[in-house]
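Report on the following structure.
The values are calculated or read from the model by the stated rules, or taken from the named source; none is laboratory data. This one's a predicted model, so the numbers in the text were calculated from it and none came from an experiment. In this analysis, Cβ positions are derived from the backbone assuming ideal geometry, glycine residues included, and neighbour counts consider all displayed protein chains.
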Amino acid sequence: MKKLYTLAVSAFLLLAQYGHAQCTLSITTSEDTVCTGQTITLTANTAGPANALTTTFATNNNHRGNMFDIFATNPVTITSFDAHPMGNTTIEIYFRTTPYAGFETSSAGWTLIGSAAVIAQPVGNPTPVPVPINVTIPAGQTYSFYVTSSNTAISLNYTDGTSEGATYVSDANITFRQGVGMEYPFSNGGGVFRPRVWNGVIHYNTTLGSTTYLWSTSGVTPVITEVVNSSTAYSVEVNIPGCPFLLHDTIDIVVSTPIVFAPQDFSVCNGDSATLTGTGIGPTQFFWDQAVTNNVPFVPFATDIFVVTGMDIHGCTDTDTVLITVNSLPVVSAGNDTTVCANSMFTLNGSGAATYTWDGGITDGVPFAVMMTATYEVIGTDINGCVGNDSITVVSDTVDASVTVVNETITANNSTATYQWIDCSTMTPIAGETNQSYTATVNGSYAVIVTDGICSDTSVCEVILSTGIAGSASVNAVTIFPNPASNEFTVNTGNFVAEEILVTDVLGKAIARIQPSAAQVNVSLENEPSGIYFVRITSAMEQHTVRVVKN
């Protein structure tokens, strides 16, 4: 994991002064802030004893400015100039690394060091120009300078010379040579006046002999490079010949560690979106790979590792990762479309997931009564919380069990089915009677079981009283309500004197047997499944059977 390093620089400056000597040392660095493992450059900046060389202030002429040459016997650094203006003005200072000859009227090759406003001192006195020169002239080299007033109404005092390029004044380190005077800037078409002697003071530093360096890292050169990995104080000790004592300086490297956090590993379902948000201590920006934008939803298409990079204000970074698992959606099945008998019980079972939710009030794995053809949808959820869906169409097959009675003959109206006629008095099949029609040979109550494909239904019991055997129309007074029923129905026998009421299912199983003491009896089917039931009411002389449907 990368770590951020913030570089804090504190410089301790030692000044040693004696006479005109001023020895200085300061450490500078290539970067104010760095990250771990970054290479920095440390420079020991030194200045030897300070010196000054005065040309002359015995003025007898003036114009905007002067060009002149300085030759260095020993290596020197020109630090500043004092000038001799005739009034308050702004002074500009230029230099070249060659003599000025041939470049009096051209700015090409000249470098502007700087400019500053000055307050003129009385004639004959130096006026300091607050422009740091800091131009080093190697030993044996000649550099040229151009000092001029930028105010064309104010001139600088100078002195007529005797021989352009001749030595005017010198010391052990530098030689000042006679130059020229001119208009501003670079003569500006106003001519060059030769020879002229610039009035002023040249301030400079020089290093006599060999300066030695000793860094805390054991380096012995003015410039060192270091790889920053931890908080460190770098120091240097410098011995400058001509300075009265050793110079010291220290720079501190302060380490700051940013930390980046990605979210915990997590999973999503295929097709769902995810949002990645980087956090941390120090970073102000977060960048994700794979074209993901921090804190913006996106859809991951496959299980993968995502990398976040956090960056602080210094450009230092740290990274972290998160694994997003993309779970497949469950393949949910509601089963194949099917046909069931009307009013029969049917069970829907989903597969392919862990839990299932059906519409239409259906509970998975719990039977329900099929009352009509319908399509049911199931949503399945797996152990990862991912969902799939499917649907099934359940066709309610209704069998036409109606009949037509003509005299003693009962005919099923459904002509494309199979048939079994039954005696309603006993609810038992009549042997051999499997035709569409049945002709009764004795008075009684008869019905037919009609099978159409996979479903069967039983017609109402029809009473035949015309075969010569005594019968009674009193059964017409029997009523059953409600029909269809829910959990209970009522039998009202009216003027029919019933001795027994027998309730059976379609298979002939007795559900309830009641000896009624009144004309109206309540019968409970609460504990029985939905379906078709038969109610047989029997008297001493006859019986009557009625079909009842429980929803």
Could you pull out every one of the strands (runs of 3 or more DSSP E) wholly within region 171-280 that has 3 or more residues that are touching a residue at least 40 places away in the same chain (Cβ under 8 Å) and over 28 Å from THR319 (Cα atoms)?
174-182, 192-198, 201-206, 232-239, 247-253
Those residues that are hydroxyl-bearing (Ser, Thr, Tyr) and more than 20 Å from THR33 (Cβ to Cβ), I need them from region 236-280; list them, please.
SER267, SER273, THR275, THR277, THR279
Please go through region 65-103 and give me each residue that is surrounded by fewer than 17 Cβ atoms within 10 Å (Cβ to Cβ) and closer than 15 Å to GLY179 by Cα, ordered by number.
THR98, ALA101, GLY102
Among the candidates ILE469, ILE449, single out the residue that is touching a strand residue (DSSP E or B) at 6+ places or on another chain (Cβ under 9 Å), of a type outside the set (Phe, Trp, Tyr) and at pLDDT 90 or above.
ILE449
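Of all the residues that make up region 300-318, how many are of a type in the set (D, E, K, R) and surrounded by fewer than 15 Cβ atoms within 10 Å (Cβ to Cβ)?
Let us first name the residues in region 300-318 that are of a type in the set (D, E, K, R), namely 304, 312, 318.
Cutting the leftovers down to surrounded by fewer than 15 Cβ atoms within 10 Å (Cβ to Cβ) gives us 304.
Number satisfying all stated conditions: 1.
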ALA369 fails exactly one of the following numbered conditions: (1) in contact (Cβ under 8 Å) with a residue 12 or more places away in the chain; (2) more than 24 Å from ARG547 (Cα to Cα). What is the number of that condition?
(2)
Between ILE379, ILE362, which is hydrophobic (A, V, I, L, M, F, W, C), surrounded by 15 or more Cβ atoms within 10 Å (Cβ to Cβ), outside the structural domain of GLN264 (by TED's automatic domain parsing) and in a strand (DSSP E or B)?
ILE379
Would you be able to say whether some residue in region 285-299 is surrounded by fewer than 17 Cβ atoms within 10 Å (Cβ to Cβ) and in contact (Cβ under 8 Å) with a residue 60 or more places away in the chain?
no
Are any of the residues in region 501-519 over 16 Å from CYS461 (Cα atoms) and buried (at least 18 other Cβ atoms within 10 Å of the Cβ)?
no
Whichever residue in region 164-195 is closer than 23 Å to VAL123 by Cα and of a type in the set (D, E, K, R) and, among such residues, is surrounded by the fewest Cβ atoms within 10 Å (Cβ to Cβ)
ARG194
In region 129-163, what count of residues is obtained for those that are crowded, with 16+ Cβ neighbours inside 10 Å, under 23 Å from MET86 (Cβ atoms) and more than 60 Å from the chain's Cα centre (by Cα)?
13
Quickly run through region 320-345 and pick out the residues that are of a type in the set (Ser, Thr, Tyr) and over 14 Å from the mean Cα position of the chain (by Cα).
THR325, SER328, SER333, THR338, THR339, SER344
With the requirement that a residue be outside any strand (DSSP E or B) and either farther than 27 Å from CYS455 by Cβ or outside the structural domain of ASN492 (by TED's automatic domain parsing) (or both), what does region 503-550 give you?
GLN515, PRO516, SER517, ALA518, ALA519, SER539, ALA540, MET541, GLU542
Only one of these conditions is not met by ILE224: (1) in the same structural domain as GLY102 (by TED's automatic domain parsing); (2) buried (at least 17 other Cβ atoms within 10 Å of the Cβ). Which number is it?
(1)
Can you name every residue in region 249-270 that is among the acidic types (Asp, Glu) and crowded, with 21+ Cβ neighbours inside 10 Å?
ASP249
